[in-house]
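Novice: Can you read through this structure? Questions will come right after.
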Amino acid sequence: MRSNDEFLAVRRLVSEGHPDHEIAWLTGIPRRTISGWRRGERQGRIRDECSGGITPRHDFSKLDPKAYAYLLGLYLGDGCISGGRRGVWCLRITLDAAYPGIVHECATALEAIFPAKTACRAQRPGSRCVDVSMWSKHWPCFFPQHGPGRKHLRPIRLAPWQQTIVAAKRKSFVRGLIHSDGTRITAIERKGSYVRRAPRYAFSNKSEDIKRLFCESCDALGVRWSRPSDQQIAIYRKESVARLDEFIGPKR
Ligand SMILES: [Zn+2]
């Protein structure tokens, strides 16, 4: 029997729109196994009506696009999906307790995706980290980027329906990315006796793919960025910072 990791890898490639022969070539799993999974022939631990299926039965166009784009940004920055026992998964976003406004916004976005549920908030003892979480059978359907291993060690590609949402709600997506893996700092610039306080934004992530998604959305929003180091994207031009301030601003 194929492992859950193999199944999840195939599932991610299906969500990205790859045909069976390509998935077979990429994963080494026979094409007839993959086409069987597409038809719902799956034996194993994570099988259930949806989260074990290879093509989720959801109408993603009904999602609240603003909440979803924001949550996707948070998830790609500091989120993880775990569990999977009996097909129930936990989506957990780890945030800084110093910013209760962001914790609240994250919980509100989760509750917009599943209005019947309440997001759980838990501060880790002796730490500034707050975990905002929610259980569902469907997190791998909504975040097909879920898969074995760390995010920066595997490819992160958006499914076509996710690309549509991000293209429509880039500000929310970038806001989510900055709220999880970004900062807004105020630099002090001195020229002789002249002192200027200059706000700047920075985004850091180990994944090249996630950095690329961030930069693509910045480009689409007319925000100019630079890359001072391997892991960091910086925005320091006055007009670009002002553009981000329109929909992000200081973390609260
Ligand atoms: Zn589902």
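Novice: Tell me the net charge near Leu153. Cut-off is 12 Å between Cβ atoms, Leu153 excluded, with +1 for each Lys or Arg and -1 for each Asp or Glu.
Specialist: Spelling it out: positives minus negatives among the neighbours equals +2.
Novice: Also, I was wondering about something else. Taking the Cα atoms of region 175-247, what is the range of coordinates along each of the three principal axes, in descending order and whole Å?
Specialist: 43, 24, 18
Novice: Can you grab the distance from the C-alpha centre of region 113-184 to the C-alpha centre of region 199-252, Å, no decimals?
Specialist: 18 Å
Novice: Please list 3J(HN,Hα) in residue order for region 232-245, calculated via the Karplus relation 6.51 cos²θ - 1.76 cosθ + 1.60 where θ = phi - 60°; whole Hz, with x for glycine and proline.
Specialist: 3J(HN,Hα) across region 232-245, in whole Hz: 10, 10, 10, 10, 10, 5, 3, 5, 6, 5, 4, 5, 5, 4.
Novice: Arrange the following residues from fewest to most other Cβ atoms within 10 Å of their Cβ: Tyr70, Tyr201.
Specialist: The fewest-first ordering by Cβ neighbours comes to Tyr201, Tyr70.
Novice: For the chain, what does the helix formula give at 222 nm: sum of -39500 (n - 2.57) over DSSP H segments with n ≥ 4, over the residue count, nearest 500 deg cm²/dmol?
Specialist: Rounded to the nearest 500, the figure is -12500 deg cm²/dmol.
Novice: Give Lys137/Lys251; Lys66/Lys251; Lys62/Lys137; Lys171/Lys251; Lys151/Lys238; Lys137/Lys206 a once-over and call out the pairs whose C-alpha atoms are over 26 Å from each other.
Specialist: Result: Lys137/Lys251; Lys151/Lys238; Lys137/Lys206 exceed 26 Å.
Novice: Additional query: Residue by residue through region 86-101, which ³J(HN,Hα) values in whole Hz follow from phi under the Karplus form 6.51 cos²θ - 1.76 cosθ + 1.60 (θ = phi - 60°), with glycine and proline marked x?
Specialist: Karplus-based 3J(HN,Hα) across region 86-101 equals 6, x, 10, 10, 10, 9, 10, 10, 9, 10, 9, 5, 5, 10, x, x Hz.
Novice: Looking at the square roots a ≥ b ≥ c of the eigenvalues of the Cα gyration tensor of the chain, which shape do they give, rounded for a/c under 1.5, prolate if a/b is larger than b/c, or oblate?
Specialist: Verdict is prolate for the chain.
Here, each number is a calculation from the coordinates, and none is a lab measurement. Owing to the predicted nature of the structure, the values given are computational and were not obtained by experimental measurement. Cβ: placed from backbone, ideal geometry, glycine included. Neighbour counts: every protein chain shown.
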